[in-house]
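The values are calculated or read from the model by the stated rules, or taken from the named source; none is laboratory data. This structure is a prediction, so every number in the text was calculated from the model and none was measured. For neighbour counting, all protein chains shown are included, and Cβ atoms are generated from backbone atoms with ideal geometry for every residue, glycine included.
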Amino acid sequence: MIRIVTAASLAALHAEVDDAWDLARQSREEVAEQWAARLAVSRELIEERKALTGIARTAIVQAEELSQQAAQLRQAFTAALLVMARQAARIRQLEQAGHNAMACAACEAPVAWQDCPTGGWWHHLDHPGDGHDAIPMPASAMEGGEEA
Ligand SMILES: [Zn+2]
């Protein structure tokens, strides 16, 4: 077939090509816009992730610091308890030493200390009667005992 090209058909072809170019340009622009939008969202997500990572790291550091402080407090508390226990033991020793240096004022017999949560008292092994009060034992009566 022989195609007869006329000015009218040429003009129509030009118009189709122009439309095709317009469509192609619009498509490129739409793709570019969508790509730009996705890039922006992606950047926002990256920034958010950075911020959250920073917050998480800060929280981890703070948790470690608090843990160390708690450990230090536990050590200090344990040390204080040990000191208190040693002091209590020393006080008991001193009290016992003082108690061992006591004797009965009436018969000069050694007396023992009966401890009690509300105080305590001196006593003979066998109660000899009233009027037997404990006093510090004379140094001469202490044979090889602890020095007062
Ligand atoms: Zn006595």
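The C-beta contact set for the range 108-123 (first residue closer than 15 Å to Arg92 by Cα, second residue in a strand (DSSP E or B) and within 12 Å of the ligand (Cβ to nearest atom), distance under 7 angstrom, 6+ apart or interchain) comprises Ala112/His123; Trp113/Trp122; Gln114/His123.
When Ala106 is tested against (1) hydrophobic (A, V, I, L, M, F, W, C); (2) in a helix (DSSP H, G or I); (3) assigned by TED's automatic domain parsing to the domain that holds Gly129, exactly one condition is not met: (2).
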